[in-house]
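The values are calculated or read from the model by the stated rules, or taken from the named source; none is laboratory data. Everything numeric in this text was worked out from a predicted model, so none of it was measured. Every residue, glycine as well, gets a Cβ built from its backbone with ideal geometry; the counts of neighbours run over all protein chains shown. SASA here: full protein model, heavy atoms, side chains in, ligands and nucleic acids out. Shrake-Rupley method; radii C 1.70, N 1.55, O 1.52, S 1.80 Å.
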Amino acid sequence: MLLKFLMQSSQHIKSVVQSPTGFPELKNDTFLRAAQGKETEYTPVWCMRQAGRYLPEFREKRAAQDFFATCRSPEMCCELTLQALGMEVVMVPGKGPTFPEPLKEVEDLLKLRQKVDVAAELSYVFQAITLTRHKLEGKVPLIGFSGAPWTLMSYMIEGGGSNTMAKAKAWLYRNPEASHRLLTLLTDVIVDYLVGQVAAGAQALQLFESHAGHLGPEQFSEFALPFIRSIAKRVKSKLQEDALPAVPMIVFAKDAHYALEDLAQSGYEVVGLDWTIRPQEARQRTGEGITLQGNLDPCALYAPKEKIGELVKRMLEGFGSQRYIANLGHGLYPDMSPEHVGAFVDAVHTHSRYLNKCC
């Protein structure tokens, strides 16, 4: 989710977060139309990890507070990171989410909660989404998100980030049945979490399989893809059962270009791409019924502004003017200049309008 810091009086905040209906009318639905495969006048654009990673005022505000205390306050909610099933997780500056006591043995699964009341455990997240949806005043859609099962599992076993994911992958080879049990448990929670976000006001959903690149094709097919598919199917079914709006869903599996055809048929309206695949190839392999998102190399934003414009123009020409959402191939980095992020967004708007007129 791209959530701004929201500072209002306690009384006003309380009245807003208790009202998950009556949202302001959406004034700009270009992103949603592109995600749904409808015609757009220009290419919509957004950046993953937007505010929390690089905006100086955001980082200054967050540095003064405990991260999870901030998350649990709807008034100050910035971004949600991993919430595990009864495991302690802390946010370490410069490192990210860290588990002081990661899963080591199969027996450790018994320590996890087998049933999680997502509405109760993550109520502060849903309240923050509702508050943000109101405060956006319909200017842009609000995107909800979750990490995917394999990515969350890898954090729970590694204890944090890892260059090899050797400990987590060892589980897949040594304990396939236990791995399936953990992935299923995570899937159950993710489904409820994503549905809860829509109920609270999210207008689109993105599933991040950020560690897909650590898996080969066979492991991805067994330990990632089935759960990715299950989440899309179950979320859509539950939204219908609960009479909630049908929202477009995005799947982003970093470095999983080997599974692009499978991802395009996994039940999501949008497939996000990293920067390791050519736009034309991605179009050819996913077919006409899928919207694509991405895939500028994040490090391109270190280039001079003029060069950023050239790279964006080339990317837009590769994807075409329709069924496309501009984005980076991964998240923004903490030291990136806000001015260069602005140059990226401006270039998308400038060149996409030109492409729509001439092509």
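Collect the residues in the range 284-304 that are in a helix (DSSP H, G or I) and open to solvent by 70 Å² or more (accessible area, probe 1.4 Å), keeping them in residue-number order.
The first filter runs over the range 284-304 and keeps only residues in a helix (DSSP H, G or I), leaving 284-286, 298-302.
Residues satisfying the conditions are 284, 302.
For the range 256-269, enumerate the residues that are open to solvent by less than 50 Å² (accessible area, probe 1.4 Å) and part of a loop (DSSP other than H, G, I, E, B). Quick ask: steps written out before the conclusion?
Of the residues in the range 256-269, the ones open to solvent by less than 50 Å² (accessible area, probe 1.4 Å) are 256, 259-260, 263-264, 266-268.
Once the filter is applied, which keeps residues that are open to solvent by less than 50 Å² (accessible area, probe 1.4 Å) and part of a loop (DSSP other than H, G, I, E, B), the range 256-269 yields 256, 266, 267, 268.
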For the range 270-283, how many residues meet the condition of being among the acidic types (Asp, Glu), closer than 24 Å to residue 332 by Cβ and open to solvent by 20 Å² or more (accessible area, probe 1.4 Å)? 0
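One line per residue, one yes/no per condition, for (1) crowded, with 21+ Cβ neighbours inside 10 Å; (2) of a type outside the set (Val, Ile, Thr):
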site	(1), (2)
178	no, yes
181	no, yes
194	yes, yes
203	yes, yes
206	yes, yes
212	yes, yes
228	yes, no
254	yes, yes
Just to be sure I understand the filter: pairs with C-beta atoms under 7 Å, separated by 6 or more residues or on different chains, first member in the range 113-132 and closer than 11 Å to residue 196 by Cα, second member of a type in the set (Asp, Glu) and crowded, with 16+ Cβ neighbours inside 10 Å. Which pairs pass? 118/192
Could you say whether any residue in the range 218-228 is out of contact with any Asp or Glu (no Cβ under 6 Å at 6 or more places or on another chain), closer than 28 Å to residue 140 by Cα and in contact (Cβ under 8 Å) with a residue 60 or more places away in the chain? yes
Among residues of the range 230-248, those that are buried (at least 19 other Cβ atoms within 10 Å of the Cβ) and part of a loop (DSSP other than H, G, I, E, B), counted: 2
Run residue 147 past the list (1) under 30 Å from residue 105 (Cβ atoms); (2) surrounded by fewer than 19 Cβ atoms within 10 Å (Cβ to Cβ) and report the number of the one that doesn't hold. (2)
Against the condition in contact (Cβ under 8 Å) with a residue 40 or more places away in the chain, in a helix (DSSP H, G or I) and under 20 Å from residue 21 (Cα atoms), how does residue 178 come out, does it pass? no
Selection over the range 305-330 where residues are crowded, with 18+ Cβ neighbours inside 10 Å and touching a helix residue (DSSP H, G or I) at 6+ places or on another chain (Cβ under 8 Å) yields a count of 14
I'd like the full set of residues that are modelled with pLDDT under 95 and acidic (Asp, Glu), limited to the range 196-250. none
Across the range 340-359, what is the total count of residues that are within 13 Å of residue 312 (Cα to Cα), open to solvent by less than 90 Å² (accessible area, probe 1.4 Å) and not β-branched (Val, Ile, Thr)? 9
Which of the numbered conditions does residue 164 fail, given that it passes all the others? Conditions: (1) in a helix (DSSP H, G or I); (2) within 30 Å of residue 93 (Cβ to Cβ); (3) of a type in the set (Val, Ile, Thr). (1)
Working only within the range 134-154, note down all residues that are within 21 Å of residue 230 (Cα to Cα) and out of contact with any helix residue (DSSP H, G or I) (no Cβ under 7 Å at 6 or more places or on another chain). 143, 145, 147, 151
